[in-house]
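Input: a single structure, listed below in structure tokens.
Just so it is clear, none of the values below were taken in a lab; they were calculated from the coordinates. No experiment lies behind these values; they were computed from the predicted model shown. For neighbour counting, all protein chains shown are included, and Cβ atoms are generated from backbone atoms with ideal geometry for every residue, glycine included.
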Amino acid sequence: MRTYGAEATLSVLRAVTDRLRDGLLAGTAEDVQSREDAARRLEAAARDQLAERFTPSLRSVINATGVIVHTNLGRAPLAAPAAMHAADLAGAYGNLEFDLEHGGRGARSIHAEEVLRLVTGAPAAVVVNNNAAAVMLLLAALANGREVIVSRGELVEIGGGFRVPDVMRQSGAVVREVGTTNKTRAADYAAAISDRTGLILRIHPSNFRIEGFTERPTVEELVGLGRRFDIPVAEDLGSGLIEPTTVPALSDEPTVRGSVSAGVDVCCFSGDKLLGGPQAGILVGSPSALDPIRTHPLMRALRVDKLTYAALEATLLEHARGRAQDTIPVVRMLHADVDEIGTRASALASRLADHDLLRAEVVDGMSTVGGGSAPGSALPTRLVRLTPTTGSSTELEQRLRSLSPPVVARVEQDAVLLDLRTVLPEQNEQLATLLGDLTPR
Ligand SMILES: *Cc1c(COP(=O)(O)O)cnc(C)c1O
């Protein structure tokens, strides 16, 4: 009663009693030996149902898919300092909009701005709910009722119903397409500039790759064009890679620092892709481009709460300290070396050596960056390949999803594949125990 509340407890007790009564009348219920037996059974059934009903639908899972920025699994797991800072603020008041020095009202937007300046090199920054909101807001603030010049090769669908041309129209901007799907030159942009032009927009086509006969102006060329005609240039970078990395899969990924130093007026990116922080949309650029964004009426609808600021600021501080590779899970997973993953995979496989239900072996495979980042490139990995001794691999995969916590894996060529690249080190032992304890149903 205390645990589940009177209302839910009563309604579940009624439901299980009705079911037993109906079963007894219809002769389909198991034999009831006595009153006590019936009561015991009702209590057990009610307890199970209540426990299920009171389990939150959102739970943590073990990601053994090898997809690092897995959108369906909540993208980036937070770094420990970010999770701790968010937890700290979650159960307390905070100086979200309070100036501790002067004792009066303060600005919410200052919280991540300083560290964003430090990490990206941009003079100003604004944080909103996600990158889709950032794109929407920058268009509404900088180009409402005016033409936005954009390459036909960049009018992409990012996924989940986010189509660039639709978002542009929703923002009140007028889409002015230039070039073709595979080739757009700086001259195409130049020819489209008129007194109706409000903005030049460049979008990173983050989830696909066009190969072959292609051309696209550099960001420097677009900035030059914007300067010449006094038109702001904005760039949607998507994944938010701060600076070039040594990870070959990310060699084509544009960087925030690259765009900032090229002189883009405003660029935007997600907080929970390659940055490895909470869901957020981050806009950085010049104060003259960001002021109308900061003060736009939509900002009130798109702003973030203290938990996001807390997690984002702590994540950015890890980048600023230069230890992202050690502390931020997404960054660590991107850099994880195949031998290290192989060692973990072998350890897990040998723990499962005498298993009744499955055979485990270590094989070569590929992890992916995910989240629409680095399309077409993969990272070499070592997989634990599980073959069930009875039943199908699809059944085994389902079984893994029903564990607590659920284990999400992929099925390929009649085997279940576990990629430990995306399994957090602190979940290693838990995963081994869960798999080791699997018994026939
Ligand atoms: C992912 C992505 C978005 C959407 O970002 P969200 O943070 O998911 O809203 C927009 N543009 C590009 C280029 C992206 O890659």
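Given their separation in residues at 0.36 nm each and the Cα-Cα distance between them, Glu429 and Ser404 gain 7.6 nm when the chain is fully extended. The calculated FRET efficiency for Val61 paired with Ala187, based on their beta-carbon distance and R0 = 41 Å, is about 0.25.
Seen from Thr197, the other residues with C-beta closer than 15 Å to its C-beta sum to a net charge of 0, counting Lys and Arg as +1 and Asp and Glu as -1. Label reach from Thr3 (point 7 Å along Cα→C-beta): in segment 394-408, amide nitrogens under 19 Å belong to 404-405. Local charge for Gly271 was computed over the other residues whose Cβ lies under 15 Å away, with Lys and Arg +1 and Asp and Glu -1, and equals -2. For the chain, the longest principal axis of the C-alpha atoms and the axis of helix 131-143 are separated by about 30°. Helix 6-26 axis versus longest C-alpha principal axis of the chain: approximately 50°, rounded to the nearest ten.
Provide the FRET efficiency to the nearest 0.05 for the Ser350-Arg441 pair, computing r from the beta carbons and using R0 = 41 Å. Provide the component values of the computation, followed by the final result.
On the way: r = 25 Å, r/R0 = 0.61.
Efficiency, from the Cβ-Cβ distance: 0.95.
A straight line joining the Cα centroids of segment 159-218 and segment 39-104 runs 38 Å. Extension gain for the segment Arg359 to Arg152, taken as residue separation times 0.36 nm less the Cα-Cα distance, is 69.5 nm to one decimal. Label sites at Val338 and Ala107, each approximated as a point 7 angstrom past Cα along Cα to Cβ, lie 4.9 nm apart. The Kirkwood radius of segment 6-53, taken over pairs of alpha-carbon atoms, gives through the Stokes-Einstein law at 25 °C and 0.890 mPa s a diffusion coefficient of 222 µm² s⁻¹. For the chain, the 222 nm mean residue ellipticity estimated from helices alone, with every DSSP H stretch of n ≥ 4 adding -39500 (n - 2.57) and the total spread over all residues, rounds to -12000 deg cm²/dmol. Give the longest segment of the chain that steers clear of GluC sites (Glu not before Pro) in DSSP loops with at most 11 neighbouring Cβ atoms within 10 Å, not counting the sites themselves. It works out to 212-441. Take every DSSP beta bridge whose two residues both sit in the chain, then give the antiparallel share in percent to the nearest 5. Of those bridges, close to 60 percent are antiparallel.
Divided by 2.2 N^0.38 Å, where N counts the residues, the Cα radius of gyration of segment 78-325 comes to 1.01. Per the Debye formula with a single identical scatterer at each Cα and no solvent contribution, what log10 I(q)/I(0) holds for the chain at q = 0.07, 0.09 Å⁻¹? Relative scattering, expressed as log10 I(q)/I(0), comes to -0.47, -0.72.
Summing charges over neighbours of Ala374, with a neighbour being any other residue whose Cβ is under 13 Å away from its Cβ, gives 0 when K and R count +1 and D and E count -1.
Taking label positions 7 Å along the Cα-Cβ direction at both Thr180 and Ser288, the computed distance is 3.7 nm, reported to one decimal. Summarising the strand pairing of segment 78-325, around 45 percent of its internal DSSP beta bridges are antiparallel.
With the cut-off at under 17 Å, measuring from each backbone N in segment 300-326 to a point 7 Å along the Cα-to-Cβ line of Tyr93 picks out 306-307.
Short-range pairs are left out: with C-alpha atoms under 8 Å and at least six residues apart, the relative contact order of the chain is 20 percent.
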